[in-house]
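The values are calculated or read from the model by the stated rules, or taken from the named source; none is laboratory data. Computed from a predicted model, the values in this text were never measured in an experiment. Reconstructed Cβ throughout: ideal geometry from the backbone, glycine too, with neighbour counts over all protein chains shown.
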Amino acid sequence: MQPKRKTRRWSADVTEHSDALDLQKGVFKSDSPDAIAKSLKRSAEQSHRRKADPFRSALSMLTFYMNRAGKNLTAGHRRTLMAAKDRLRQLFGRKPAAKRRLKHQ
């Protein structure tokens, strides 16, 4: 007997059933880095499902989304998400990240 085949959408399963944050629907589709960062901060502070501190949970979820989207992200949307990371650091009173350059600018 063959073992049950795993779903192809494992990242969606991780987001829904792990100790991930309870995110606002469509949060990553916004064109505003400020709106994305504020939503992630609010979700991280209100979530009872997270294991780490709110800043790490919010930043991890944003990074997870960017990594899973991979090449499907447009350069403009990747810049928006990178700016959201910087804004998230500001909202939590953290030091800004070192300057970085995106490929294919």
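A few points about this structure:
- Failed condition for residue 38, given (1) among the charged types (D, E, K, R); (2) under 16 Å from residue 94 (Cα atoms); (3) at pLDDT below 85: (3)
- If the condition is being farther than 17 Å from residue 94 by Cβ and either at pLDDT 90 or above or assigned to a helix (DSSP H, G or I) (or both), then region 43-60 contributes 43, 46.
- Taking the criterion of being modelled with pLDDT of 80 or more and over 14 Å from residue 60 (Cα atoms), the residues of region 11-35 that qualify are 24, 25, 26, 27, 29, 30, 31, 32, 33, 34, 35.
- When residue 8 is tested against (1) in a loop (DSSP other than H, G, I, E, B); (2) modelled with pLDDT of 90 or more; (3) charged (D, E, K, R), only condition (2) is not met.
- Top-ranked residue of region 54-85 - restricted to ones that are among the hydroxyl-bearing types (Ser, Thr, Tyr) and over 10 Å from the mean Cα position of the chain (by Cα), ranked as surrounded by the fewest Cβ atoms within 10 Å (Cβ to Cβ): 74
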